[in-house]
Each structure stands twice: as structure tokens, then as C-alpha cells.
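Heads up, the thing below is written out as C-alpha cells.
The values are calculated or read from the model by the stated rules, or taken from the named source; none is laboratory data. For clarity, every value in this text was computed on a predicted model and none was experimentally measured. Cβ sites come from the backbone with ideal geometry, for glycine too, and all protein chains shown count toward neighbours.
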């Protein structure tokens, strides 16, 4: 990769080290052990768990906001979320559910086709 630069700019890159780079504290998160990270069925289960927990959290926040507004409004305690934030979380939950359903449908089609092919 090359970088275009103006004549008056200087790019400073980290120095080349003779010693190995120290290991970072941050590690990519996964529900799966390393041996399963390339297994498509395990990946689907992992993604399903992540989506469901995220959707659950979104809906809990929206529910708490709904309880603190409308008929339950208390002027001393404003709603947890703004109208815009509430809408964004609901749209995220809708999109995540749709994506998960599409992936499940594709997985079901693949499994059914494999089963039919094996029975021939």
C-alpha cells in the first residue's frame, strides 16, 4: 500500500525491532474454542447466540424506555432513550432478526439438498 503525501508532510512509522512485538492485551472475542472457529455450523450457532443476546438487550432498553414514557411518564426521570435512539435499536433488532432468518433459511436449504442428494 502506498500513501500519497504533500511535500511538507512526514510519515512516521514505528521503528523496526529486532525483538518480537509484545503480545497485546486485547484478544478477538469468540464464543467458540479455536478448533471450531472455521466450522460453519459452530459459526452459525455462535452468530445466533450473539444476535439473540444483542436483540434481547435492545428490546429490554426499548421496554424500559416505554415504561418511563407515555402513561408512566415521570417528569423527574426522563426516558432512558431518546426517540431517535429507541428507533435505531428497534431497526437494528428488526434487521438482525431478518438477517438471522435468511441465514437459517439458507442453512435449511443446504441441509435439505444434501439430505436429498445422499438418499439417491
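Do we find a residue being at negative phi, assigned to a helix (DSSP H, G or I) and touching a residue at least 40 places away in the same chain (Cβ under 8 Å) anywhere in the range 105-119?
yes
Just to check your reading of the model, which residue among 29, 44 is touching a residue at least 60 places away in the same chain (Cβ under 8 Å) and at negative phi?
44
Return the residues of the range 64-94 that are exposed (fewer than 12 other Cβ atoms within 10 Å of the Cβ) and either under 25 Å from the mean Cα position of the chain (by Cα) or in a strand (DSSP E or B) (or both); say none if nothing qualifies.
Across the range 64-94, the qualifying residues are 74, 77, 82, 83, 84, 91.
Quick one: in the range 16-39, which of the residues that are exposed (fewer than 10 other Cβ atoms within 10 Å of the Cβ) and assigned to a helix (DSSP H, G or I) is modelled with the lowest pLDDT?
The qualifying residue modelled with the lowest pLDDT is 34.
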